[in-house]
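A.B. asks: Here's a structure for you.
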There are 4 protein chains.
Amino acid sequence: MSTETTTFSGIVPPIVTPLTLEGEVDTTSLERLLSLQIEAGVDGLFVLGSSGEVGYLTDAQRAQVVQTAIGHVGGQVPVLVGVNDMTTNRVIAVAEQAREAGADAIVATAPFYAITDAAETATHFRSIHAAVDLPLFAYDVPVRVHSKLSPAMLVELGREGVIAGVKDSSGDDVSFRMLLRQSAGLENFAVFTGHEVVVDGCLLMGASGAVPGLANVDPHARCAGRRLGGGEGRAGSTHRSVLHRRGTDTGSRQCRCRGSGRIQDGSGPARRHHRQHDVRPDALARRVRDRNDQGRSGTGGAPLT
Amino acid sequence: MSTETTTFSGIVPPIVTPLTLEGEVDTTSLERLLSLQIEAGVDGLFVLGSSGEVGYLTDAQRAQVVQTAIGHVGGQVPVLVGVNDMTTNRVIAVAEQAREAGADAIVATAPFYAITDAAETATHFRSIHAAVDLPLFAYDVPVRVHSKLSPAMLVELGREGVIAGVKDSSGDDVSFRMLLRQSAGLENFAVFTGHEVVVDGCLLMGASGAVPGLANVDPHARCAGRRLGGGEGRAGSTHRSVLHRRGTDTGSRQCRCRGSGRIQDGSGPARRHHRQHDVRPDALARRVRDRNDQGRSGTGGAPLT
Amino acid sequence: MSTETTTFSGIVPPIVTPLTLEGEVDTTSLERLLSLQIEAGVDGLFVLGSSGEVGYLTDAQRAQVVQTAIGHVGGQVPVLVGVNDMTTNRVIAVAEQAREAGADAIVATAPFYAITDAAETATHFRSIHAAVDLPLFAYDVPVRVHSKLSPAMLVELGREGVIAGVKDSSGDDVSFRMLLRQSAGLENFAVFTGHEVVVDGCLLMGASGAVPGLANVDPHARCAGRRLGGGEGRAGSTHRSVLHRRGTDTGSRQCRCRGSGRIQDGSGPARRHHRQHDVRPDALARRVRDRNDQGRSGTGGAPLT
Amino acid sequence: MSTETTTFSGIVPPIVTPLTLEGEVDTTSLERLLSLQIEAGVDGLFVLGSSGEVGYLTDAQRAQVVQTAIGHVGGQVPVLVGVNDMTTNRVIAVAEQAREAGADAIVATAPFYAITDAAETATHFRSIHAAVDLPLFAYDVPVRVHSKLSPAMLVELGREGVIAGVKDSSGDDVSFRMLLRQSAGLENFAVFTGHEVVVDGCLLMGASGAVPGLANVDPHARCAGRRLGGGEGRAGSTHRSVLHRRGTDTGSRQCRCRGSGRIQDGSGPARRHHRQHDVRPDALARRVRDRNDQGRSGTGGAPLT
């Protein structure tokens, strides 16, 4: 997939990494999961994000995930690869592996463990961009990295062509809207939300798309979030507005998905990962079930309101 | 105004406290400001909030603000009074003064300076409710109080009849939506947002109303945020949805306001207060101008998008 | 007690505020407690600190504590009064009451609830100093106030004559030593530690004194911390060094106390206050016992090592 | 060096990693630096700590540092290797490399980037210990990892034989003393401080040793911190006490170092690292100079007081 023509928008699920009972990557399950996503009509796939447990996998396991995903997807949709690591040179090292494997884009956080400031963080992204010839997304996740990426810096990096967009998991709605407003004039700059609980509001504000963890279990419903609603009741109204707002961006390709016509689940972001050396979840199902249990309660299967 | 029949919803501006050059409460300006709000059609008035500089005023000045406001408003709209102080008994002391002065409701944060936990915070609200016969709103403002009120606790307090609602200035959109969902079945429980930048999204989610600081300078536009938009362009679409969502709550009374038909300003919350002993802003205009300068930049006068 | 000749050093216990079963100030118990302290040889008394529950008392109760303490002590030792409140003008209001009641010094934190920066915090202390003719101590307690006072700012305020010293409850040992080093050349600048667990180390570094909460139950042992140890074992060695370091400051008056010759208790600072509207501890004993229970465990009655 | 007989105490400098102009590991300079340390009489060497820029080096560079250090030191003193990484399995992977290269001990933080709790952190250390047959030190550095290791957990892990000790860079003096007290009865449990500014106080409290970054430039003075002082003035008194306290632990071997007889520098910990992709410091000297410039000011060359 040529990077010149790739644009990024829509539903880009952060794919979980199924493990075997022995704690190794379960490539068969991973391929099945990827097929399910593509069949549901996702607009891209994001592997080795926080949901993909990038932080818990060894280098060898990370390479295995990337190769499996890119091989199996075969260019049907863009594959974005998380390259989160402590500092610039370490990120570049894994990003180069992702590029060689055929990734369509990379996703990186600010440095962590290192104690940096905003200027150094900007240099970090510029250095990655200079070293790795792939679209680069900045991943804003203060709950993990313990620093917040400011809209002003992100827009400046977009203007310079350093980043192709942002995946926002900050939970800061005011900042998110500021980012959308300030980046409104930038071409080829995509802003994704990582928060499913407020995904309709984010799309309404003008977000390019969403990175919904629950697509791992129900990608059809996630894709249906983009569909023209039936008009009856709240969700219909909400999503009519969403589509009105997003205009021609939400064209035919995205509507090929066969959803249930409503958003089924507003479960919040999983707040805790539980992968330790002696905890070896056996399969995807358990992983996702645990994640839901850990999430904020009370969001059941009802439509978002 | 009888508290039995008072319901709380809609646009309830947090009124700033004009000061004279000598740093005393400028009651003439305060009355003018209150008249402007009522004329614009606000649904209530909130004095001695953070915007009202409750933290910077002495006890005597606070009493002056409350008496001036309640006397001038004369029951045309409900007056909510901020009773923020360090701990329970101190809050009760000022709340009793507010009740005697004729307040329609009181608004209190969790304890601060004190080091408390969630159970003690719940006891705090229960104790205030037991001591002061007025509707009590919980004010969630972690940037000042350094603790977050959980949706679960707020809903439980609502169920018990301890609080009549919440003013949310947490900036945590996921938590806000959870609060709305979990409190959806409660009667007489009003959830207000304090964030103007995302006010349309919050109303769309089901918020009872907003507490918009910029209503101090342009209350008509704030009220217009509730109006059925003209249909052209984004704002129209947004606000049509908002009104569709809010249904009969947004009835005739609210539509009597004469707004410009669009939200004029998306300026973020003022992040800093600058009242020190030797800094005596002379009038409302300067106060509000400073506040805007301190806010997040780039939100000009354009419609929210 | 004339402020011109008052110097501040040594053991200055932060006096708890005994309450009756009804939650009112138990002035009889308070006077007994003050007598016990003076008899034990304390160098000063600090009322309405965090241990004195300044945050939990109403204005009327605060006034009662100050008047009782100053009347009962009768100038035998200096009485320092905590004037913690949210912002400058409110602090000045209570500080003026303390001055009128005869306080020898006042102790104030940075503003809280208000969102300030370092420059505003410096202005805060300068404004208090300009308004209230009493020695002013800066109280550094980030766990409550959520900002840290920098050594550089404190030393500058000392150089200007704005503050007479610092009560450090920051728990940041590196910062504490920097403050001691940078203020070493200042006359009439006293640095107290609020941390009993490390009090010997702090005195060894050159602290002017300590504000030990446990003096409320055992002031003799606290005063004995200043005494020339017997030479046997660790504590003796420690305190010989302490006295060697403190030189002539630790003169005859301080040695009149009749301690056990060793530090009996290394219990940490009470981390939690538990005064709520419906929690009315009946007496000093229970208060102090609770405080100990809440402290860090495992510090028993053994000497500090 | 057999791990059965290795004990850990005294001065264990965290060795910086010299880089060439091209940003590669300057092994010649590294060897010179190691020789300087051994000649000065250090009790151990710690490579790939935060000072060694573990977070900024690629895996290949880390391996180069470990192999160079272990080969050059040749068993004259123990070599401890930092194995900081995001999560358990990743730590184990690098720890196994360190063990194969001949490390005498490994030093690991709690997980970071991952969102864990105390129970998971304990499991993390237990899993590392189970997988890697080397003494394991827990590295407590909240400013980087954003969680604090509690004394209770560390003592429990020591009791189980999971960890051989702690390197404390928390800056929390109360917690540090609690750790020392609670671990006093444990055999083969070494507690090191990473804070040079308060190193004498920490040794006085009973710390097993120090990990002083400035030993990189002046190891003799660092070692002299253990020596019997000359008796004149404060430092002499301080260090006499220190040695008195440490008793036979500070025996003949440690005193072979040829220091200046006083601690020359109280510079605080470098608060910031400045290694970015396009910032390639040319040599050790510049690195250390920068670090000092970034440190807390005003600590010049005077003895600690």
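The values are calculated or read from the model by the stated rules, or taken from the named source; none is laboratory data. In this text the structure is predicted, and so the values were computed from the model without any measurement. Here Cβ is always computed from backbone atoms with ideal geometry, including for glycine, and neighbour counts include all displayed protein chains. These accessible areas exclude ligands, DNA and RNA; they are computed on the full protein's heavy atoms, side chains included. Shrake-Rupley method; radii C 1.70, N 1.55, O 1.52, S 1.80 Å.
A.B. asks: So, of the residues in segment B:78-106 that are open to solvent by less than 10 Å² (accessible area, probe 1.4 Å) and of a type in the set (S, T, N, Q), which turns out to be farthest from B:Val143 (Cα to Cα)?
C.D. replies: B:Thr88
A.B. asks: Follow-up question, since we're still on this one. Would you please name the residue that is nearest to the other protein chains (Cβ to nearest Cβ), looking only at residues in segment A:130-143 that are surrounded by 21 or more Cβ atoms within 10 Å (Cβ to Cβ) and out of contact with any helix residue (DSSP H, G or I) (no Cβ under 7 Å at 6 or more places or on another chain)?
C.D. replies: A:Val141
A.B. asks: While we're on this one: Can you tell which of C:Thr123, C:Thr109 is open to solvent by 10 Å² or more (accessible area, probe 1.4 Å), at the interface with chain B (Cβ under 9 Å from one of its Cβ atoms) and polar (S, T, N, Q)?
C.D. replies: Numbers: C:Thr109 fails: open to solvent by 10 Å² or more (accessible area, probe 1.4 Å).
One residue alone meets the criteria, C:Thr123.
A.B. asks: Only one of (1) among the charged types (D, E, K, R); (2) open to solvent by 10 Å² or more (accessible area, probe 1.4 Å); (3) touching a residue at least 40 places away in the same chain (Cβ under 8 Å) fails for C:Arg32. Which number is that?
C.D. replies: Evaluating C:Arg32 over (1) among the charged types (D, E, K, R); (2) open to solvent by 10 Å² or more (accessible area, probe 1.4 Å); (3) touching a residue at least 40 places away in the same chain (Cβ under 8 Å) leaves (3) as the failure.
A.B. asks: Right, next: Pull up segment A:179-205, narrow it to residues that are open to solvent by less than 30 Å² (accessible area, probe 1.4 Å) and assigned to a loop (DSSP other than H, G, I, E, B), then point me to the one that is farthest from A:Leu154 (Cα to Cα).
C.D. replies: A:His195
A.B. asks: Another question, if that's okay. If we keep just the residues of segment C:163-172 that are within 14 Å of another protein chain (Cβ to nearest Cβ) and open to solvent by 10 Å² or more (accessible area, probe 1.4 Å), which is farthest from the chain's Cα centre (by Cα)? Working first, answer last.
C.D. replies: Of all residues in segment C:163-172, those within 14 Å of another protein chain (Cβ to nearest Cβ) come to C:168-172.
Filter once more, keeping what is open to solvent by 10 Å² or more (accessible area, probe 1.4 Å): C:169-172.
Numbers: C:Ser169: 9, C:Ser170: 13, C:Gly171: 14, C:Asp172: 17 Å.
The extreme case among them is C:Asp172.
A.B. asks: Here's a follow-up. Does segment A:3-17 contain at least one residue that is within 29 Å of D:Ala95 (Cα to Cα) and surrounded by fewer than 21 Cβ atoms within 10 Å (Cβ to Cβ)?
C.D. replies: No; the residues of segment A:3-17 include none that is within 29 Å of D:Ala95 (Cα to Cα) and surrounded by fewer than 21 Cβ atoms within 10 Å (Cβ to Cβ).
A.B. asks: Just give me the residues in segment C:206-239 being at pLDDT 90 or above, assigned to a helix (DSSP H, G or I) and open to solvent by less than 10 Å² (accessible area, probe 1.4 Å), in sequence order.
C.D. replies: C:Ala215, C:Asn216, C:Pro219
A.B. asks: Continuing with this model, one more query. Go through (1) more than 22 Å from D:His129 (Cα to Cα); (2) surrounded by fewer than 24 Cβ atoms within 10 Å (Cβ to Cβ); (3) away from every other protein chain (no Cβ under 13 Å) for D:Ser175 and report which single condition fails.
C.D. replies: Only one criterion in (1) more than 22 Å from D:His129 (Cα to Cα); (2) surrounded by fewer than 24 Cβ atoms within 10 Å (Cβ to Cβ); (3) away from every other protein chain (no Cβ under 13 Å) is unmet by D:Ser175, namely (3).
A.B. asks: One residue is enough: does segment C:43-51 have a residue meeting the conditions of a type in the set (Gly, Ala, Ser), in contact with a Gly (Cβ under 8 Å, 6 or more places away or on another chain), away from chain B (no Cβ under 14 Å) and within 23 Å of C:Thr7 (Cβ to Cβ)?
C.D. replies: yes
A.B. asks: Next question, about the same structure. For segment D:62-102, give me each residue that is farther than 19 Å from D:Arg144 by Cβ and within 8 Å of another protein chain (Cβ to nearest Cβ).
C.D. replies: D:Asn89, D:Ile92, D:Ala93
A.B. asks: Additional query: Taking D:Gly75 as the residue in question, decide whether it is under 19 Å from the mean Cα position of the chain (by Cα) and surrounded by 17 or more Cβ atoms within 10 Å (Cβ to Cβ).
C.D. replies: The answer is no for D:Gly75.
A.B. asks: Separate question: I'm trying to understand the selection: among the residues of segment C:45-72, which are in contact (Cβ under 8 Å) with a residue 60 or more places away in the chain, within 21 Å of C:Ala210 (Cβ to Cβ) and open to solvent by less than 10 Å² (accessible area, probe 1.4 Å)? I'd like the intermediate steps shown before the answer.
C.D. replies: Taking segment C:45-72 as the starting set, the residues that turn out to be in contact (Cβ under 8 Å) with a residue 60 or more places away in the chain are C:46, C:49-51, C:53, C:55-56.
Of the ones still in play, those that are also within 21 Å of C:Ala210 (Cβ to Cβ) are C:46, C:49-51, C:53.
Within segment C:45-72, C:Phe46, C:Gly49, C:Glu53 qualify.
A.B. asks: So, in segment D:51-60, exactly how many residues are among the polar types (S, T, N, Q) and within 17 Å of D:Leu33 (Cα to Cα)?
C.D. replies: The qualifying residues number 1.
A.B. asks: Here is a further query. Residue under question is C:Ile115, and the condition is that it be open to solvent by 10 Å² or more (accessible area, probe 1.4 Å), within 11 Å of chain B (Cβ to nearest Cβ) and β-branched (Val, Ile, Thr); does it hold?
C.D. replies: yes
A.B. asks: Ok, one more. Being more than 20 Å from B:Val199 (Cβ to Cβ) and either among the basic types (Lys, Arg) or modelled with pLDDT of 95 or more (or both) is the filter here, so list the residues in segment A:170-185 that pass it. Steps first, answer last, please.
C.D. replies: Residues of segment A:170-185 that are more than 20 Å from B:Val199 (Cβ to Cβ), as a first pass: A:183, A:185.
Within segment A:170-185, just A:Ser183 meets the criteria.
A.B. asks: Given the conditions (1) touching a Ser or Thr at 6+ places or on another chain (Cβ under 9 Å); (2) modelled with pLDDT of 95 or more, report the number of the one that C:Thr116 does not fulfil.
C.D. replies: C:Thr116 satisfies all of (1) touching a Ser or Thr at 6+ places or on another chain (Cβ under 9 Å); (2) modelled with pLDDT of 95 or more except (2).
A.B. asks: Determine, yes or no, whether C:Arg159 is within 11 Å of chain B (Cβ to nearest Cβ), at pLDDT 95 or above and open to solvent by 10 Å² or more (accessible area, probe 1.4 Å).
C.D. replies: No, not satisfied.
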